[in-house]
Amino acid sequence: MAEKNQKAPQAEEQDMSELLRVRREKLRELQESGNDPYQITKYPVDNDSANIKANFDQLEGKPVSIAGRMMSKRGMGKVSFCDLQDRSGRIQLYARKDEMDEAEYNRFKKYDIGDILGVQGVVFRTQRGEMSVRVEKVTLLSKSLLPLPEKYHGLKDTDARYRQRYVDLIVNPEVKDVFVKRSKIISAIREYLDSHAFLEVETPVLHNQAGGAAARPFITHHNALDIDMYMRIATELHLKRLIVGGIERVYEIGRIFRNEGMDTRHNPEFTTVELYQSYADFNDMMDLFEDLLSGAAKEILGTYELDWQGEHVSLAPGWPRMTMAEAVKKYLGVDFMAINDDAEAVAAAKAVGVDMDGKEPTWGHALYECYDQKVEDLMIQPTFITMHPVDVSPLAKRSPKDPRLTERFELFICRSEMGNAFSELNDPIDQKERFLKQVELRAKGDDEAGMMDYDYINALEYGMPPTGGLGIGIDRCCMMLAGVDSIRDIILFPTMKPLDIQKNDTAAVSETMDQLSEVLTATLKGMPVNKLGATDFSKVAVEPLFADFVDFETFSKSDFRVVKVKECEAVKKSKKLLKFVLDDGSGEDRVILSGIHDYYEPETLVGKTLLAITNLPPRKMMGIDSCGMIISALHKEDGEERLNLIVLDDNIPAGAKLY
């Protein structure tokens with residue numbers, strides 16, 4: 001049995017190599033016979049699968065010309081059936097040898113799943129009642145030289161899906177539905193704002209200063225000007241310059257770039273809509289946001305009710321509004337509005353378990369950290385959290401009632417921030433002082449603090465009217481309305497660390513069948529990708545074996561169990577920790593935290609089979625009980641520590657004990 005298991009991967013690679021060779025041979029034969037599919041530049045299409053099915057009674061018996069990808073085939077004697085997938089769905093093709101040109105039918109028999117075909121035929125219904133197209137003529141429009149993943153148990157590994165979205169879209173039709181829904185959501189946002197007299201504009205992506213948000217920017221270099229520039233971290237400051245210029249309602253839907261960590265809610269590049277309205281305040285922005293998002297849900301989903309992140313959510317209008325101080329008092333019992341001293345505020349925050357290390361020891365930071373660390377994760381239903389401290393709101397207008405606070409809100413749904421809005425600060429003197437405070441923080445090592453923007457101060461000195469501004473995270477709104485839990489499922493091509501093979505000359509890789517086979521086989525195996533890439537075994541150093549023996553009785557007390565990863569996400573406020581929710585075979589979820597984010601992205605580990613020690617006492621890590629330890633393998637390369645998870649065969653059941 002062991003020998004069979006050892007041979008299986010090698011046999012699979014040989015099978016794959018043979019498949020690739022056969023497909024290229026078929027292409028060569030077609031080209032030599034004058035039927036090169038790549039010479040075809042156009043094909044007439046007058047119908048699609050969905051329209052044929054929707055209007056079958058009118059189209060039955062009539063000729064149609066369709067095109068798409070062959071997704072299955074059966075028969076292949078004198079009668080052949082296959083499924084053709086086009087932009088709107090699938091339809092069955094029915095081909096008979098005696099109803100087609102014999103040479104053409106023989107070529108058709110050799111076509112492979114994945115090939116792109118043009119088909120002319122007549123709409124009819126088979127004896128079994130299947131709406132179909134009776135093929136009269138079929139043309140190979142493009143040859144699929146690689147087999148689709150269904151041949152190898154489907155494309156289910158999330159890492160492979162994100163890296164090869166083109167294959168994901170082919171074999172998982174529901175993925176396309178998600179992105180169709182995303183497009184409709186963005187269209188709904190645009191239509192709403194256009195109908196409310198907002199003007200859509202485009203502002204620069206390359207900035208001289210990074211501003212408009214607290215985030216670490218990407219830095220690039222402009223060769224002609226010989227200056228460093230920053231990829232924008234927000235569109236805010238340019239849009240407010242336009243408010244100064246008299247464009248009283250303005251918005252931009254655009255890509256934002258932040259050089260920060262990645263998890264299920266964050267991608268380094270993402271899409272926002274920022275909008276600004278003269279003579280409005282943050283209360284008007286709350287009204288607008290609620291109307292916009294609830295209206296989009298009703299239009300696209302047909303209901304205000306949805307399920308997301310394991311929670312049932314109602315987007316029916318009438319969302320509660322609560323100040324940050326009220327939220328902290330409600331959930332933590334600390335009344336910051338009764339505290340006036342910085343030291344007392346910091347002490348109150350620490351007393352409820354808030355980590356203030358590395359934070360400015362002020363009343364405002366203490367209030368914000370209480371909410372951020374302890375209360376935010378309790379926000380499930382749509383809730384506006386208002387009146388944020390001025391310490392963390394450098395662009396928002398101070399509250400006339402309490403100068404420690406600003407007229408700012410954030411909308412939270414299912415523990416996620418969906419948008420951020422202010423009554424915009426239009427006092428150039430106050431704005432300059434706040435910029436200088438950000439510069440001071442940056443000098444102390446806070447690389448997310450803002451920079452001084454003298455031109456923006458100059459614009460404010462010409463006078464900006466009272467203005468309400470709102471920024472909405474489009475990706476998160478799309479996640480919610482599409483019902484997906486990871487931002488990578490709503491971005492067509494999410495940011496991924498390149499595989500080693502992608503760093504080389506891909507043209508050279510494809511020159512040999514063996515190399516190409518290795519690449520494809522590695523992808524289909526579904527192993528999680530280590531961020532540090534492949535191991536260079538010539539540079540490996542391992543820790544010496546222990547000289548001391550341990551008795552068997554002591555060893556046997558460690559309970560090593562096979563566990564299945566049900567969920568995995570980055571721990572908030574931690575750069576290294578991943579939180580695993582595991583099936584350990586007991587029927588109850590087990591939570592283990594592991595400091596391996598430097599090596600793995602959490603999405604790539606969901607569904608994997610790992611090894612853990614389950615009888616260690618719980619340890620508090622970032623306020624979360626970690627009940628056990630995930631087992632990894634450590635070594636060093638060139639003096640640098642490297643880590644690899646012990647990933648097991650998925651056929652091993654959860655809870656299996658290691659001996």
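The values are calculated or read from the model by the stated rules, or taken from the named source; none is laboratory data. Worth saying up front: this structure is predicted, and the values here are computed from it rather than measured. For neighbour counting, all protein chains shown are included, and Cβ atoms are generated from backbone atoms with ideal geometry for every residue, glycine included. The protein model used for the area step is the full one, side chains on, heavy atoms only, and it has no ligands, DNA or RNA in it. Shrake-Rupley method; radii C 1.70, N 1.55, O 1.52, S 1.80 Å.
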- Message: Looking at the stretch 557-585 only, could you name the residues that are free of Cβ contacts under 8 Å to residues at least 40 places away in the same chain and open to solvent by 60 Å² or more (accessible area, probe 1.4 Å)?
- Response: 567, 576
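Taking the stretch 253-286 as the search range and keeping residues that are small (Gly, Ala, Ser) and part of a strand (DSSP E or B), which one is modelled with the lowest pLDDT? Show your work before the answer.
So the first thing to find is which residues in the stretch 253-286 are small (Gly, Ala, Ser), and the list is 254, 261, 278, 280.
This time we only want the ones that are part of a strand (DSSP E or B), so: 254, 278.
Numbers: 254: 95, 278: 98.
Among those residues, the one meeting the criterion is 254.
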- Within the stretch 328-371, can you find the residues that are crowded, with 19+ Cβ neighbours inside 10 Å and under 18 Å from residue 415 (Cβ atoms)? 328, 332, 354, 368, 369, 370, 371
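In the stretch 584-627, which residues are touching a Gly at 6+ places or on another chain (Cβ under 8 Å) and within 21 Å of residue 485 (Cβ to Cβ)?
Taking the stretch 584-627 first, the residues touching a Gly at 6+ places or on another chain (Cβ under 8 Å) are 584-586, 590, 592, 597, 612-616, 623.
Passing the criteria: 590, 592, 597.
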- Note on the structure: residue 604 meets each of (1) open to solvent by 30 Å² or more (accessible area, probe 1.4 Å); (2) outside any loop (DSSP other than H, G, I, E, B) with one exception, condition (1)
- Mind listing just one residue for me: the one in the stretch 290-327 that is free of Cβ contacts under 8 Å to residues at least 40 places away in the same chain and either under 15 Å from residue 181 (Cα atoms) or of a type in the set (Val, Ile, Thr) (or both) and, of those, surrounded by the fewest Cβ atoms within 10 Å (Cβ to Cβ)? 302
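Please give the helices (runs of 4 or more DSSP H) falling wholly within the stretch 128-209 in which 1 or more residues are touching a residue at least 24 places away in the same chain (Cβ under 8 Å) and open to solvent by 50 Å² or more (accessible area, probe 1.4 Å).
On the way: elements: 158-163, 165-171, 173-195.
Ranges flagged: 173-195.
Would you point out the residue of the stretch 210-238, among those that are acidic (Asp, Glu) and under 23 Å from residue 458 (Cβ atoms), that is least open to solvent (accessible area, probe 1.4 Å)? Outline the logic, then answer.
Here is the first cut: in the stretch 210-238, the ones acidic (Asp, Glu) are 226, 228, 236.
Now drop any that are not under 23 Å from residue 458 (Cβ atoms), which leaves 228, 236.
Working: 228: 93, 236: 10 Å².
The selected residue is 236.
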- In the stretch 450-464, which residues are of a type outside the set (Gly, Ala, Ser) and outside any loop (DSSP other than H, G, I, E, B)? 454, 455, 456, 457, 458, 460, 461
- Item | Of all residues making up the stretch 607-656, the number that are under 15 Å from residue 583 (Cα atoms), open to solvent by 70 Å² or more (accessible area, probe 1.4 Å) and not in a loop (DSSP other than H, G, I, E, B) | 1
